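Chemist: A single structure is presented below for examination.
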Amino acid sequence: MGDTKDSDEKKVAGTGAVVGGVAGGVMGGAAAGGAIGGMTGPVGAAVGAAIGAAAGAISGKAIAVDPAEEEAYWRTNYTGRPYVTSGSTYDDYGPAYRHGVNAYSRYPGRPFDEVEPELSRDWGTSRGSSKLEWENAKHATRDAWQRLSDRAERAMPGDSDRDGR
């Protein structure tokens, strides 16, 4: 069974991956944009850096993920989800929501369906004391993933996650 300290470290690592990815995307985009803009002088460099930073943020899925906020959201809202079975508790679904939040951070820019085989494989080590098998847990995992994807979509113009929405 999972150790709380290990679980907390995994949550922080997942958040760090998003923050690091965003920072890397923004800084790399800004550097590339600035280099291109530098060919036309200081004003061009500033404009190029701004455009490059925006492009880098978009490719880095620029959203901040607060694991505690996600935990509180799902703890309050899980009972209204259509996949939750009668008699289940948050202790069954909580690990699946955390799995989705952490996975979204680990696989930036990839659609859920593409990484679902890896998530299925990893469920055995992420589930803790959850009684859910993957066929049931994947709905909560996808739900948490989609919540973050939708948040990123609202923060950026266009269909950044290419899901048609």
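Chemist: Sorting ARG110, ARG147 by accessible area (1.4 Å probe), largest first, what list results?
Modeler: ARG110, ARG147
Chemist: What's the extension gain from GLU114 to ALA155 if we count 0.36 nm per residue and subtract their Cα-Cα distance?
Modeler: Between GLU114 and ALA155, full extension yields an extra 12.5 nm.
Chemist: On to the next question. For the range 123-133, just list the computed ³J(HN,Hα) in residue order, Karplus coefficients 6.51, -1.76 and 1.60, θ = phi - 60°, integers in Hz, with x standing in for Gly and Pro.
Modeler: Going residue by residue, I get 4, x, 8, 8, 6, x, 9, 4, 8, 6, 7 Hz, with x marking Gly and Pro.
The values are calculated or read from the model by the stated rules, or taken from the named source; none is laboratory data. Everything numeric in this text was worked out from a predicted model, so none of it was measured. Ligands, DNA and RNA are excluded from the accessible area calculation, which covers all protein heavy atoms including side chains. Shrake-Rupley method; radii C 1.70, N 1.55, O 1.52, S 1.80 Å.
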